[in-house]
Each structure stands twice: as structure tokens, then as C-alpha cells.
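Notes for the one structure printed next.
Where a number appears in this text, it was derived from the coordinates with a stated rule and is not lab data. Values in this document were obtained by computation on a predicted structure and should not be read as measured data. Quick reminder, even Gly has a Cβ in these numbers, built from the backbone with ideal geometry, and neighbours come from all protein chains shown.
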Amino acid sequence: MIKRLFLCVRQYKRDSILAPLFMVGEVSMEVLLPYLMAMLIDNGIDKGDMNYILNMGLRLFAAAMLAMCFGILSGAFAASASAGFARNVRKDLFYSVSGFSFSNIDKFSASSLVTRLTTDVANVQNAYQMIIRMAVRAPMMLLMSFAMAFSVSRKLSMTFLLALPILGFGLWYVITSTHPIFVRVFKTYDKLNRVVRENLRGMRVVKSFVREGFEREKFGVISDIIFKDFSKAEKRLAINMPLMQLCAYGCLIMLMWFGARMIIVDKELATGELMSLIAYSMQILSSLMMLSMVFVMIIISRASAERITEVLNETSSLRNPDAPVFKVKDGSISLKGVNFSYAGKGGKICLAGANLDIASGETVGILGGTGSSKTTLVQLIPRLYDATGGEVIVGGVNVRNYDIESLRNAVSVVLQKNVLFSGTIKENLLWGNENATNEEIARACSLAQADGFIDALPGKYGYFVEQGGSNVSGGQKQRLCIARALLKNPKILILDDSTSAVDTRTDAAIRKAFKEDLPKVTKIIISQRAASVQDADKIVIMESGRIEAVGTHETLMRTSQIYREVYESQTRGGDFDEASQA
Amino acid sequence: MKPRRPEGGRPGGRGARINPKTAKRLLFLIAGRYKLHFAFVSLCIIVSSIANIAGAGFTQTLVDDYIQPMVASSSRDFSGLLKALGVLGSAYAVGIAASYFYNRVMVVISQGVLKKIRDDMFYRMQLLPIKYFDQNNFGDIMSRYTNDTDTLRQMISMSLPQTFSSLIMIAAVSWTMLSISVPLTLLVFACVACMLFATKLLGGKSAVHFIGQQKALGDINGYIEEMINGQKVVKAFNHEEKSKEAFDSLNDGLNSQAASANRFANIMMPVVGNIGNLQYVLIAIIGGAMALSGTGGVTLGAIAAFLSLSKAFAFPIGQISSQMNAVIMALAGAERIFALMDEEPEPDDGYVSLTNAELIGGQLMECQKRTGIWAWKHPHGDGRVTYTRLTGHVELIDVDFCYNENELVLRNITLTANPGEKIAFVGATGAGKTTITNLINRFYDIADGKIRFDGININKIKKTDLRKSLGIVLQDVNLFTGTVMENIRYGNLNASDEEVIAAAKLANAHDFISRLPDGYQTPIESDGANLSQGQRQLISIARAAAADPPVMILDEATSSIDTRTEAIVQTGMDRLMEGRTVFVIAHRLSTIQNAQAIMVMEQGRIIERGNHNSLMEKNGRYCQLYTGKLAEQ
């Protein structure tokens, strides 16, 4: 894990090394100060030597100035190193996700990927900065101060040896005993957030079932767990400060007592030296405290680092072949004994033994029950997923042998969960073909029956679509998505229930336009409306992951009971809007 | 969760300004609720701070009163020093105890306040009208529960006691220093002024870049969210490289802002710390010079004490300046939290309530147990209480409605639904069908006109009771984390397992649920992502069936369900509609043909009404829709 993250340092290696180096410089100077000060007091003030005072004062001044310069440099390098490290981590993550296949995305889920790219990166960035600064500063300070104190007075330094283990053990106990509680609390926090999110989304449901009280209780229970766990953990943390004080005060009193005796009785020590020992004792204890904080930070960010490396180490389950085919000859499709499972080989089979032949330019309708794997079937064609078994052949070539980009350019899918991006309508449409001319755009929109409403929008093609397309209606969104797909000039066009929110009149107009203006394009239409597929050259009936029947409207009316049922239910008691087509 | 916030919405982005009102309110929330705790904590902090500096002050006594004289006089009587150290030790012991107590009690206060804030916020959120949720970004509301509460936690449990103890320390140290030597104290003050100046200068620079960083972070997080959620589309359109390009430029922008912001923040610590060191040096030199020349009564002990005291003085100042940012951020968060808490709740002046009733001798009487008969309990001004049986008679009289002022969405809607009747709304998207149903359960309040339920104006009915009497199946299904069983039981919390299964059977959902891996105990994750649209729809119908209300509002969502499932759903819906007053936004012919009244809507008006036959005879818009003539136009 550390190794993988370390790869992200790259061009910031220099800064990442310089930051701790300068930190060492700063710490050395700071540790020197009490020592010089002791000399100033004992040899200067105590002996009344003004020259010595000035001389030593100058050195002290120089040391302090040096410390400041080193500190500034260290801080500056640490800032650019950690920001740069975060930049690289974020970049690697985004690139990694960009290389993901659909099944990789499914595995992580979009929302978890977003968290990894945002919150987790921020945590790791903080930890990194902490490591190259504080994780260097604290132990250096501890060791150097101790060494200096030892050189001043071996005997009195023993007091630290007494205090250090007490503080160290106490801090260790606090950290190890609170850490699992904090981990638990953060998990509970996720639950709390989930309740809030679900309430926000489902506020109409909550209100119409009058479940405000119920939800409040649900929230209250979780809120209470957080309260109790947090209190428990923080109460343990509450001994941190008094423990630190105990050690510090203990050291202080011992130093004063034994120090005074040594000065007066044994004449082994001077007043200034005692002062420097007191200063060292504070430095030693506070650096231990800092060390414990660093330790906690690193533990907290470990989970984030783990989540990030998971994404970085994930290899895309789709690979470009070694000698890819770049040209898709035509829009013919052939499925030969295709099996598919989202869980890979051995998983639950969603599509079994699918055989289907579609000639270039045909219009194919697909009908089937919920979960009958209609969407799964069509997603295999542009190789959004790889078939677990069997062959998917497009334009006479197995899809695995194509260059993925060329294949997907030739096969345009309007996904069931289609998405528009924030930007103008034109920008969104240009996703289909960034070099499209205004005429081409207008033509695609007119085929998708989107030109009418676009012209009525303020700014027309310059109308700004908000994130997620929240400021256009469902039907408008679907038509824009169709137009976007058309702009690719595909050989195969797949509409996965893409006109569900479009009224029947427009739906019919879209199909009519397709038939007349796109005769060479293979059109696959998944729909809930029998009438939408009724005129297709071929209708595919799917049931529980199998192709149940294939045929024209007339043959299926005779041979397929399912189709007959569907058709009759829709024309007899079906969709009101459908009546206009019947 | 959306990490993006509105422009400048990030704490600290408001020009680092403290809103005194918010600060006061927060302080009151803390101090007001925990008066005794708060007083105790304050006392303990004072004791602990004074004990802390007692040691630094004692240095002078140690050097001037014991070490120096004893070295000079060769006296070896240590009893005085022992006694003095004993006193100091006792003071320390008290200080340690005090700091333990205040840290402990502070946990009670901070966690208690946070729980109170969380609970209050959620409580208040539940009371807000639908309109609030239409107008506010979910991510923005969410961030109050996450970021804002978190900054508040840090502030209450850390910044607040630290700032207070720092202030006490500053006061106590100043006093001690002044009592030892005025000129040296002035020197310390001058150095501190330099420190503050450096803090302000660097802090100001850093703040500018921090604001820039937050903005850049918001931009990039928004971009990440959008691209990751649309990643499948990105792939279907081979847009990976393009999206990487845009990402890189945002990422580089963030990098430079973050580096600058952190640079200034990182530099602050060594600069301030080393000004402290310089001050240390200056005290030694100037103090030494003064001691040698004998001015101002400066002794060796005084210098020694000053060396410790000046550190003890710089430390709390550094602490306050470093806490300042946290305090400002927390206050900005508190302001946003308070803004949510101050939102006007959904007004409810209703006084008519829904009760269980039984018929005794033809007379409607209130009773406690569930009888299946419901009555509206209507208290009158003169103290009389009348009961009206709940039948499901709904009428709308001349109703106008607008979301924004002056922009009428519905005009002159008048219609009557008799108990058990089915009213179907048909018309294009945006004609106002859904809006009408939202008025009946008072998600929105009408601008003009009247809506009566069993003859009672719905304004007089308590909203919760009104909604209890109305069942609803929305087009967008929202499920909650929990099992399938729990989700259906959402309709009626008292339903037994058998009743839940019966509701599922009625909704035709039983078959598919039984086929799920764990049947009714199958967990539903993140709004039912593991179920198909049709299955989710079925669960929502079962949920409404479990509630078993006299009036149903249905938004037929045929589009998301395939034809086979639709037939299954339809049977469920038909059973659900049986014997109830139903308002249905209709797409299916059978629903419409069975309706007692069909309202054809266009641009917020009912343009035609009647049953199927009469509307066909009329040969108007409905007939056009039905025969499909419009399609040929």
C-alpha cells in the first residue's frame, strides 16, 4: 500500500526530501538555544561579563534566525510536496477510474469512488504533510533535546528517563483504547448520513405516510450511539492533558530540588544549566505529545490510504487486444451461444445461450419482463461488458478483437440511466462528435425531435444544462441523449428504453425519422410499448435471461404466447397514450 | 452526498468575519444548557492555568531566595526550599486535578450540545415544507450534518476551552511579569506585537489562498462527482481522454492554490515560534545588561523567571491565533446550522383530527381500538365536538395554485370525487396533473379557492391526520435501507408479518419477493439499487396497501415497468383502488375507462371532463388523443 502511494510522489521527490532536511536544521538550532542560553547566564550574567553577554547574545540571535529560515524553507517545501502529492494521487485515481470497465465501476459503486477521490485524498494529503514535517520534527526534537540534556547533566537527565515511560505508556494506552471506538463512531456516522440522505430523497414519502416521528426515532437512536461512543472515547482522551501535566510538573519539581542541591552542595551545576534542563524537559515532553498526535493521524488516514490503493491497484477487466481491428465494416450483429454473469465465470447467470443474428440496417425490437436481461444483452454489443461465454460478433468480427474506442464509436448506446453533463446543450451534443457542424447538430436534433423544444429555450443551443440535467424535463433529456448518440454517426444505434418519458406522438415521429433517414444504421430498440417495436423487422422476446422467441409481429402473434399477451393487454387495456398508435 | 457548495459557502470564505449574533447564540446554547457544568469548567480552567504559571514564577524565588543566597552563604538548610517546593507541588496537584475534571466535564458538554444540535436539526428538518427541499440542494443540507457539525465539534471540545484557558494564562502571566519587571514586560509585549503582526500578515495571505483552495476544491469535487456518476456515459462515448484533460487543468489549479495556502500556513508556525526565540534572546541580553548595571531591580532569578514566563506568554497567544481559524470556520458552520433550524416549519393550523370510531345506535362515537371506521373529530368554538365519518369525499372548488407568486400553475380547478370514485387525470407532461395531487395532501398550499375533505376544509385538518387518510404511490419510488419487510411495513408500523405479506400479495409483489435470495428479509441497499424499477414500484404499492387508507393518490408509472410486469402491477393497482376514492395520474386505457370522471388537463386547466363515453361523444381533445388524430397532425 505504502509502496503504491509512494509512486505518486514523482516530481515532488525533491521537495519531499528537502522539507524534512530543513526541519532537522530547524530542530538542531532550536535545541541549541537553551544550551547557549545557559552559557550566557552562567558565564555572562552571573559573572557580570557584558562582552560575553553580547557575544553569546549574537550567537543566540544567529541561531534563532537560522531556525526561522530553516523553518520557513521546510514549511514551504512541505506545502508544495504535500499539495503535489495529493495532485498526483488524485490524478492517478481519476485516470485509473477512466480506465475502468463497467464491471469495475459496478464493483466499487459511483458514490464510493467519489468519496475516495475527494475525502480520502484530503485525508492522505494531510497525513503526508504531517509525516514529512511533524513525524520528523517530533522524534528529532526528542532525541536531540535528550542528548543535550544528557551532556549538560547526566544525573539530572535521569528524571526524564523516569517521566518518559510514564507519559509514553499513558499515551499508548489512550490511543490504542480509543482507536477502535473512533473507527466505530465513524462507521456510525455513515449510518447517520445515510438516514439523512434517505430522508432528503424520500421526504415526500416520509410526509405522506406521516413517518416524521418514526424517522426521528431512527435518527435519534443512531445519534445516541454516536453520543455515547464519542463521549466514551473523549473521556479517555481527557486524561491526556493531566497526564502530560503530571509528567511535566513532576520533572520540574525534581529538577528544581535536585538541581538546587547540585548547585549549592555539589557545585556540579550552574543556575543557567538548570534553566536549560528545564527548557529541555518541556521540549522532550511536548515532542512526545506531538508524536502521539502524529501516530493518531496516521492511523486515521490509514483507512483512506487503503481505500485509495484499492482503486489504484484495480486493473480494468477490459483490455484492448494486441492487434486490434480499427474498422467496423457494417452494422451486422451475431450472437453465438452467449452467456453472461455480472459476477464473472461461476457467478449467477443473467444471460444464457443467447443466439441472434441481425443484418446490417435492420430495426430490431426487444421486449421482455423486468430482469429478463434485455439491457445486459445490448451492453455486450459495444463491449461495455465482456460476455462470460460464447461470441459476440459485430460487422463479422468478434468484439474482443476490435479496438475498444473504434467499436464504441461505431456502436452508439443511449443508456437507460442516461446522463447529461453541466454545460450548454451544444457542448453536451458535441460529446457525440466534437467536430460536428451546426448543420449536423441541427439534423441530429431534428431526427431526435429535439429541435422544437431547443428552439423555444432561452439561448437555444447555448442553454445551460445544470449538473445531472436537472433543468430539462425527462422527455427532453431523453431526446437530447438520442441526438447526442446520433451525432456519432454510428453503424449500430441502441436505444435502451430511451423514449419512456417522451409522449407517444413524438416517440412515433422519432421512429419514423429513423426509418426514413437512417436506413443503413442497425437500430435496436428496447421498449415497454409493444407498439414501439411492432413495426420492427425483428422482435426479440426475452424471458428470465433467455431469448424466448424471435420473429416479426405477425409470426409472433401466432407463435409466441408471451408476445400475444403483451400485445393484447396493451391494445385492450394498455397504455392510454398507446391508443393513438393502435 | 454532494461536496460542492454554493459560491463562497465554505466556512472561512466570508472574509474571516465573526458574526456576533451566531457566536452569542452558540455560547448561550452551550452555557445555557449546562450552566453548572459550564461554571465548574470555567473555575477548573482558571485553577489549572494559574497552577501552570506558578512554576514559571517560582523560578525567580528558587534562584533569588534559595540558590543565590545559599551559594553565597554556604548555608545548607534545605528545609525552606523543601517547604516551598511542597507548596508548589500541592498547587500542581490541584492544577492537574482541575485540568482532568474540566476535560472530563467538557466531554459531557460538547457531546451533549452536539447531540442536541444534531437532533434538533433533524427534528426541524422533518417539519419543513416540501418547498424547502425543492429549493435547497441536498448536498448543501447534508453538509450541515457532516462538515459543519464536525467543525463545531472541534470548536466546542477543543478551541473553546483552549481559548479560554489561553486568555486566563495571558492575564495571569502578564500580571506576574509586571510584578517582576515592568521594562522587561514591555519588551515581551513588543515582541508579541510583532508575532501578532506576522500572524495577521501571513494569515491574511494564507486566507486568500485558502478561499481559492476551497473554491478550486469545490470545482474539482463537483467535476469528479459528475464524471464518476456519468462514467458509463463517458465510456460509451469514448470521452475518457477529454474528461482527463479537463480534470488535469482543474487538478493543477487546485494544486497551485493548495500549495500557496499551505505554504503561508506552514511558514506561520516557524516564524511565530522563532520570534518567540528571538524574544528569549533579547530578554537575556537586555535583562543581563540591566542586571549588571543594576537598573530596574532585575536579578538573575528575575531573568530566569522571565525566560520561562515569556515562553508561557507566547504559547497561549500562538494557541489563540491557531484556534482563530477553527473558531471562524465553526461559527460559519453554526450559522448554516442555525439557518436550517430557523427555517419556517410547515405551518399547521389544523385542529380537526382523525380518530378511530364505532357506530353505536347509528351514532358515531370515538373509541380507542382500531375498528376500521374512522371519523373526523371536529372541535368547535363553542366547545362542542362533532364527529364526521371519514368517507373519502373530496372536492376542489375554484382552486388556483402557484409555485412562485404571480405565476399561476393551476387555474380554476373545480372537481368532486364521491367516496369510492376514481378520478383520472390525463394530459401532457407539465399540464399540472401531479401538482393537483400535491395540493390534496397539502405538500403545497393553494393560492385561492377551497379543498374540502368530507365537507371539511382541509386547512382545518391537522396535516398529519390528513396525510394519514391519504395513501400515495409516487412515480419516483423511494425506499429505505432495511429489509423488504421493513419497507412494506413503513406503510403501517403496527402491521404483523402476516399483514405485510397480505399487503404484498394484494400488490402482486409476493411472487417476486419470495424469489429473492432472502425473501422478505432481503436487505434493500441504497434506495433499492439491488432491485429493478418494476420491483421497487411493486414494493411501493405494497407499502401503500399496508397503510390501507380510504383515499389513494396514484401516479401511474408505466414507463419504468415493462409490459409483463406492468400487467402484474396493474392487477395490484386495481386491487388497491377497489373501494377507495382514487386520484390517478393515468397512462393506461383500462384505468381511464374505469374512471368515473376523467379530467383532461392542459396548461394548468381542466379543459374537458366526463367519463370515457361522454368524452368520446364530445369529439374534443380527449377524442383526438384517443383516436390518435394528433399523431398525424
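The stretch between A:K327 and A:Q561 holds 80.2 nm of extra length on full extension. This uses 0.36 nm per residue minus the Cα-Cα distance. Its alpha carbons considered, chain B gives a radius of gyration followed by a Dmax of 36.2, 127 Å.
As a ratio to 2.2 N^0.38 Å, the alpha-carbon radius of gyration computed for the stretch B:169-242 takes the value 2.31. Counting only DSSP beta bridges with both residues in the protein assembly as shown, the antiparallel share comes to about 60 percent.
Going from the fewest other Cβ atoms within 10 Å to the most, the residues B:C402, B:C191 appear in the order B:C402, B:C191.
Pairwise inverse Cα distances across the stretch A:333-573, averaged and inverted, put the Kirkwood hydrodynamic radius at 18.5 Å.
Dividing the helix sum by the residues of chain B, where each DSSP H run of 4 or more adds -39500 (n - 2.57), gives a mean residue ellipticity at 222 nm of -19500 deg cm²/dmol. Each semi-axis of the equivalent ellipsoid for the stretch A:392-467 is √(5λ) with λ an eigenvalue of the Cα gyration tensor; in descending order they amount to 29, 13, 11 Å.
If you line up the long axis of helix A:504-517 against the longest principal axis of chain A, both from Cα atoms, how many degrees apart are they, to the nearest 10? Between the helix axis and the principal axis of chain A, the angle is about 80 degrees.
A P(r) calculated from all alpha carbon pairs of the stretch A:11-63, with 10 Å bins opening at zero, reads 24, 35, 20, 14, 7, 1 percent.
Structural descriptor for chain B: relative contact order 14 percent, calculated from alpha carbon pairs under 8 angstrom and at least 6 residues apart. Over the stretch A:333-573, Cα pairs under 8 Å with separation of 6+ residues give a relative contact order of 27 percent.
Listed peptides A:504-517, B:151-164 appear in the order B:151-164, A:504-517 once ranked by packing, highest mean of other Cβ atoms within 10 Å at the front. In a simple Cβ point-charge model (Lys, Arg +1; Asp, Glu -1; nothing else charged), the stretch A:102-201 has a dipole of about 100 debye relative to its Cα centre. Using only the alpha-carbon atoms, how far is helix A:240-261 inclined from the longest principal axis of chain A? Give it as 0 to 90 degrees, nearest 10. Helix A:240-261 and the main axis of chain A meet at about 20 degrees. Fewest-first ordering of B:S353, B:S165 by other beta carbons within 10 Å of each residue's beta carbon gives B:S353, B:S165. In a DSSP loop and with at most 15 other Cβ atoms within 10 Å, the trypsin sites (Lys or Arg not before Pro) in the stretch A:1-87 are A:K47. Taking the C-alpha atoms only, the angle from helix B:533-547 to the longest principal axis of chain B is near 80 degrees. Give me D for the stretch A:1-112 in µm² s⁻¹, whole number, from Stokes-Einstein with Rh from the Kirkwood sum over alpha-carbon pairs, 10 °C and 1.306 mPa s. In µm²/s, the coefficient rounds to 90.
With the helix formula -39500 (n - 2.57) applied to DSSP H stretches of n ≥ 4, chain A reaches a computed 222 nm mean residue ellipticity of -20500 deg cm²/dmol. For the protein assembly as shown, the Cβ-based charge dipole about the Cα centre amounts to some 1880 debye (Lys, Arg positive; Asp, Glu negative; other atoms uncharged). Coordinate range of the alpha-carbon atoms in the protein assembly as shown per principal axis, descending: 125, 90, 52 Å.
Of the residues B:L516, B:F164, B:T185, the one whose Cα sits farthest towards the positive end of the charge dipole of the protein assembly as shown is B:T185 (charges of +1 on Lys and Arg Cβ, -1 on Asp and Glu Cβ, taken about the Cα centre). According to the Kirkwood expression over distinct Cα-Cα pairs, how big is the hydrodynamic radius of the stretch A:82-190, in Å? In the stretch A:82-190 this quantity evaluates to 18.0 Å.
Note on the stretch B:342-473: percent of Cα-Cα distances in each 5 Å bin, starting at 0 and stopping at the bin with the largest distance, equals 2, 9, 18, 21, 19, 13, 9, 6, 3, 1, 0. Since only A:F227, A:I264, A:M244 are under comparison, the one whose Cα sits farthest along the positive direction of the charge dipole of the stretch A:200-269, derived from C-beta charges on Lys, Arg, Asp and Glu, is A:F227.
Dipole of the stretch A:333-573 computed with +1 at Lys/Arg Cβ and -1 at Asp/Glu Cβ about the Cα centre; of A:I524, A:P490, A:A352, farthest Cα towards the positive end is A:A352.
Applying the criteria of a DSSP loop state and at most 10 other Cβ atoms within 10 Å to the chymotrypsin sites (Phe, Trp or Tyr not before Pro) of the stretch A:8-56 yields no site. If you count, for every residue in B:115-128, the Cβ atoms of partner chains within 10 Å of its Cβ, what is the mean? Average neighbour count from other chains, rounded to a whole number: 5. Measuring spread by the Cα atoms of chain A yields a radius of gyration and Dmax of 35.8, 119 Å.
Taken about its Cα centre, chain A carries a charge dipole of about 780 debye when Lys and Arg each add +1 at the Cβ and Asp and Glu each add -1 at the Cβ. The packing ranking, built from the mean of other Cβ atoms within 10 Å per residue, places the peptides B:337-348, A:288-299 in the order A:288-299, B:337-348, highest first.
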